[in-house]
Amino acid sequence: MTTEPPGSADLNGAFAYTWDLVGDPAAAERIAALGVGAVVLQAAYHSVRAMTPYHPVHRTVHATHAAAYFPLDPRQWDGMRLTPALPGWAVDTPDRFGTAAAALRGQGLRVEAWLVLTHSSAAGERAPELTVCNAFDERYGYALCPAQPEVRAYATQLVRAFSERYDAAEVPALMLEACGWLGFEHGSHHEKTAGADLSSGCRDLLSVCLCPACRKGIEAAGADPAAVAQAVRRTVDAEMRDGVRAPNLLAESLGEQAATALLRHRRSVIEELTRQIAAEAPGREILLMADGDPQATGPDSGLDLGRFDGRATAVVLKCWDDEDRAVARVEEAVRTTARPVIANVSVLEEHPAHLARKVARLRAAGARAIRYYHAGLASPARLRSLRTANAQQAVTAITAATGPTGPGASTVSTVSTASTKEGAA
């Protein structure tokens, strides 16, 4: 009798960059020693400056633009304005993703490809008319608008190019970041907006895209985009100039009909994009970084998870904030969606002494698995806290599965063979 290999929702995992592994022969074993069973490995990513404290050659990497970390065939991109760039930093190897993935698989780790879709200032500079446009007719050059057909074609082609190069048996899952709209929050170089003391409602209004494609979508969903733009400008100016705080709910600023139309438009675009991506990645799990608040914009797509009808094997919820709010977010997601919920926990944000408690509470709230951010960026003390938190969850899973009620009492296992490995972090 054969058994299916564990899926993404059955294993805890950690995020890693390709430059954490390429050129460091000890990196894969070091990550495996954390006790996780999966690694979310950077395949296409935005610009970033990152520490690489454990690498034998370099200590920082400055990725100056969004890039693909796997070889590209120029013929696949003929006639397309939006194309991914190749990286020119850190250790040079023709296939950074493939090299890093092979090292991870050699340690028995499952590899999940981390693909950032609509976050690219380089692409935005080449085609500014395809970026998010706010109600003041100002462009967010880092944010490609997924309502634009060319942007969806770019995202779909990126997944197609990746899937043609790597077999589903090698990379069984895709982690999708920025599968919707990036908004006001995320993010410009040398940010100088904090002193305006903007409310969350005002930031949500500044994140409303009113590019031609979104205006058309909003109108088709039942609202007047010109009236939406006017309401946004009026409410934002009232806060920024007169100190009248914007309401938290879009419906209070835009009106119920307009807010409903806007969110319906957003959901339909993200649903269609996930369907197109899944069609290009047969046999693979689709892990969607999502936010259960449909008003949300950013790397985690804002969705009413109970109504979402796109393609996603599991939803990945960011749980980097206050512990109680993170637990409530997971509980709400578990109530509203039948899809497995994976909690994305930042080892970098959380106090090391509190990590194990937070992870335990998230699991008790219904999170099927954890993804720890980030195996390459965390200090030794934070990596130790990751390993401790993961080991405690493994013990909990074993106890639940073999406790007084007998084998099989737990319907979820987060234990991997890697969880028994020892090693310094």
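Things worth noting here:
- Percent of Cα pairs exceeding the 27 Å cut-off, where the set is the chain: 52
- Environment charge of residue 298, counting only residues whose C-beta is closer than 11 Å and scoring Lys/Arg +1, Asp/Glu -1: -4
- Working from Cα pairs under 8 Å separated by at least six residues, relative contact order for the range 33-84 is 31 percent.
- Fewest-first sequence of 265, 374, 62 by Cβ atoms within 10 Å of each Cβ: 62, 374, 265
- Efficiency of FRET between residue 136 and residue 47 - r from beta-carbon atoms, R0 30 angstrom, step 0.05: 0.75
- Size of charge dipole - the chain - debye, nearest 20, with Cβ of Lys, Arg +1 and Asp, Glu -1, no other charges: 600
- For the chain, adding -39500 (n - 2.57) for each run of n ≥ 4 DSSP H residues and dividing by the number of residues yields -11500 deg cm²/dmol at 222 nm.
- Charge tally around residue 242: other residues with Cβ under 14 Å, Lys/Arg +1 each, Asp/Glu -1 each, net +1.
- Charged neighbours of residue 71, selected by a Cβ distance under 12 Å, balance to -1 (K, R count +1; D, E count -1).
- In the range 212-286, Cα pairs under 8 Å separated by at least six residues give a relative contact order of 30 percent.
- In the range 179-255, GluC sites (Glu not before Pro) in a DSSP loop with at most 12 other beta-carbon atoms within 10 Å: 191
- Residues 20, 204 in ascending order of nearby Cβ atoms (within 10 Å, fewest first): 204, 20.
- Choice from 84, 172, 282 with maximal GNM fluctuation in the chain (Cα, 10 Å cutoff): 282
- Ranked list, fewest to most other Cβ atoms within 10 Å of each Cβ, for 317, 144, 377: 377, 317, 144
- The dipole here belongs to the range 93-206: it is taken about the Cα centre, uses +1 on the Cβ of Lys and Arg and -1 on the Cβ of Asp and Glu, and is about 320 debye.
FYI, it's all coordinate maths here, none of it is from the lab. This structure is a prediction, so every number in the text was calculated from the model and none was measured. Cβ: placed from backbone, ideal geometry, glycine included. Neighbour counts: every protein chain shown.
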